[in-house]
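The values are calculated or read from the model by the stated rules, or taken from the named source; none is laboratory data. Everything numeric in this text was worked out from a predicted model, so none of it was measured. For neighbour counting, all protein chains shown are included, and Cβ atoms are generated from backbone atoms with ideal geometry for every residue, glycine included. Note: areas computed on protein heavy atoms with side chains; ligands, DNA, RNA excluded. Shrake-Rupley method; radii C 1.70, N 1.55, O 1.52, S 1.80 Å.
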Amino acid sequence: MLFILRLIFAGITATFSLWVLITDNNQLMPWAFIAMAMLFLTIAIDDYIKGYKKISILFLAAFVYIIFTSIYIF
């Protein structure tokens, strides 16, 4: 289940990022950040389940930072 969510969020992130890059329209950038944050959250949960606690804390910190950044951009 987490692997499927990881693929979905990675696809959404890539799509939004490529759209912003190609069209030079920065209005979708906060949505790309939110999708990337959700990707990092799923990676953190998956790594915590696997037993990699240090790297999961790093991904969780990146998730929190990106969420606050995307809220600030809105």
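From the list Tyr65, Tyr48, exactly one residue is under 14 Å from the mean Cα position of the chain (by Cα), open to solvent by 50 Å² or more (accessible area, probe 1.4 Å) and of a type in the set (Ser, Thr, Tyr). Which is it?
On the way: Tyr48 fails: under 14 Å from the mean Cα position of the chain (by Cα).
Just a single option satisfies the conditions, and that option is Tyr65.
So, Ile73, is that one surrounded by fewer than 16 Cβ atoms within 10 Å (Cβ to Cβ), modelled with pLDDT of 95 or more and touching a helix residue (DSSP H, G or I) at 6+ places or on another chain (Cβ under 8 Å) or not? The answer is no for Ile73.
Specify the residue that is farthest from Phe63 (Cα to Cα); the eligible residues are those in the range 1-47 that are of a type in the set (Ser, Thr, Tyr) and in contact (Cβ under 8 Å) with a residue 24 or more places away in the chain.
Per the stated criteria, the residue is Thr13.
Per the listing Leu39, Leu60, the residue uniquely modelled with pLDDT of 95 or more, out of contact with any strand residue (DSSP E or B) (no Cβ under 6 Å at 6 or more places or on another chain) and open to solvent by less than 50 Å² (accessible area, probe 1.4 Å) is Leu39.
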